[in-house]
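Here it is, the structure in full.
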Amino acid sequence: MMDFFNSITFVHPGMFWLLLVIPLLVTYYIFRHNYGTAEVILPSPYATGQMPKSSYKNYLRHVLFGLRMLVVGLLVVIIAKPQSSMSWKNITTEGIDIVIAQDISGSMLSTDFNPNRIGAAKRVDSMFINARADDKIGLVIFSGQAFTQCPLTTDHAVIKNLLSQIHTGMVEDGTAIGDGLATAVSRLKDDNSTKSKVIVLLTDGVNNMGSVAPLTAAGIAKAFGVRVYTIGVGTMGKAMTPDAIMPNGQYHYSLQDVEIDEALLKQIADMTGGKYFRATDNESLKKIYSEIDKMEKSKITEKDFTDRAEEFLPFAIAACALLLLELLLKNSLFRTVP
């Protein structure tokens, strides 16, 4: 019942000013009954004993007037034209297929990022995945070779769990950018459920291994309509980078030049309609992923629907019922009341 009244709106709300007539009628009614009755002069004070005592009906007769005022109020509501409205939205989403191609070569342990490049990359990868609720996301990792860590999925908890498990040394060391890109394209090319396909490729080096040339892989991506955003990770100048593994299993670090093939990464992005970014620290890497997220928003279409229905009938029925009740009481219970 409350939901019904909460959904009611009025086409002519200004008509409610007519309700001011009710207090005027009440005032007139009180004045007429208190001051408009005739005075009766009795011949003797003892004659009052012969007058009939006031019946309870004399007091209840005011109920008739109350019913009439309720009817007036309901008529005003009907004139204001009550309507109920139901509104809803038809929302359609067009998700995007995204594959994150993550470099896990030994140089990703360089400490110019906190705690290192691969740790920073995994952190922003996870944040990026959280922001893409409507998208299918996959994960490809590459070093000297490339393989799929997680195929396209909408189960983001699974991909985040697999992302947390990646580390350097999972495959032969090296930087096979072409293989990583080609593997990522292979995960996207056969999925026709979405129109938009994107690869985010992150690396900190120069292509030096693999069986597929990076530009060949970029050409394949372009042929399948895959957009590639490339990210070069590394500070400008030199960084503490692992160069050997000591007998105790720990890495030995030395200050080395940061070498990123930015020209190649730009060319890959340009060929496929993407964009190249350079991340020099944690904050810039975070901003890059945020920018990619904004550029690759899912298509959302919202249509508003409103259904309005005339709701005067319940008020009209109530008014008729009150009029009938007044008529019934007037001709039965209050028939003999003057």
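What is the one condition in (1) assigned to a helix (DSSP H, G or I); (2) modelled with pLDDT under 95 that Met271 does not satisfy?
Among (1) assigned to a helix (DSSP H, G or I); (2) modelled with pLDDT under 95, Met271 violates only (2).
For region 225-262, which positions are of a type in the set (Ser, Thr, Tyr) and surrounded by fewer than 20 Cβ atoms within 10 Å (Cβ to Cβ)? First the steps, then the outcome.
From region 225-262, those of a type in the set (Ser, Thr, Tyr) are 229-230, 235, 241, 251, 253-254; that's our starting set.
Those that are of a type in the set (Ser, Thr, Tyr) and surrounded by fewer than 20 Cβ atoms within 10 Å (Cβ to Cβ): Thr235, Tyr251, Tyr253, Ser254.
Sticking with this one: Give the number of residues within region 101-127 that are part of a loop (DSSP other than H, G, I, E, B) and of a type in the set (Gly, Ala, Ser).
The first filter runs over region 101-127 and keeps only residues part of a loop (DSSP other than H, G, I, E, B), leaving 104-105, 110-116.
Of the ones still in play, those that are also of a type in the set (Gly, Ala, Ser) are 105, 110.
Of the residues in region 101-127, 2 are part of a loop (DSSP other than H, G, I, E, B) and of a type in the set (Gly, Ala, Ser).
Is it the case that Leu67 is at pLDDT 85 or above, in a helix (DSSP H, G or I) and within 54 Å of the chain's Cα centre (by Cα)? Steps first, please.
Working: at pLDDT 85 or above: no; in a helix (DSSP H, G or I): yes; within 54 Å of the chain's Cα centre (by Cα): yes.
No: the conditions fail for Leu67.
So which residues in region 316-338 are buried (at least 16 other Cβ atoms within 10 Å of the Cβ) and either on the phi > 0 side of the Ramachandran plot or modelled with pLDDT under 85 (or both), if there are any at all?
Within region 316-338, Ala319, Glu326, Leu329, Phe334 meet the criteria.
Find all pairs meeting these conditions: Cβ atoms under 6 angstrom apart; at least six residues apart or on different chains; first residue within region 180-198 and crowded, with 16+ Cβ neighbours inside 10 Å; second residue of a type in the set (D, E, K, R).
These pairs meet every condition: Leu188/Asp97; Leu188/Lys197; Thr194/Asp97; Lys197/Asp97; Val198/Arg227; Val198/Glu296.
Here's another thing I want to ask about it. Which pairs have Cβ atoms under 7 Å, sit 6 or more apart or on different chains, and link a residue in region 206-232 that is more than 24 Å from Val258 (Cβ to Cβ) and assigned by TED's automatic domain parsing to the domain that holds Arg187 to one that is part of a helix (DSSP H, G or I) and of a type in the set (S, T, N, Q)?
Partner pairs satisfying both residue conditions: Ala221/Thr272; Lys222/Thr272; Val226/Thr272; Arg227/Thr272.
Follow-up. Quick one: count up the residues across region 244-258 that are part of a strand (DSSP E or B), under 48 Å from the mean Cα position of the chain (by Cα), under 10 Å from Ser110 (Cα atoms) and not aromatic (Phe, Trp, Tyr). Show your work before the answer.
Narrowing region 244-258 to residues part of a strand (DSSP E or B): 244-245, 251-257.
Narrowing further to those that are under 48 Å from the mean Cα position of the chain (by Cα): 251, 253, 255-257.
Of the ones still in play, those that are also under 10 Å from Ser110 (Cα atoms) are 253, 255-256.
Filter again for not aromatic (Phe, Trp, Tyr), leaving 255-256.
Final tally of qualifying residues: 2.
Continuing with this model, one more query. In region 132-189, how many residues are among the polar types (S, T, N, Q), at pLDDT below 95 and assigned to a strand (DSSP E or B)?
Of the residues in that region, 1 qualify.
The values are calculated or read from the model by the stated rules, or taken from the named source; none is laboratory data. Keep in mind the model is a prediction, meaning the values are calculated, not measured. Methodologically, a virtual Cβ is constructed for each residue, glycine included, from the backbone with ideal geometry; neighbour enumeration extends over all protein chains shown.
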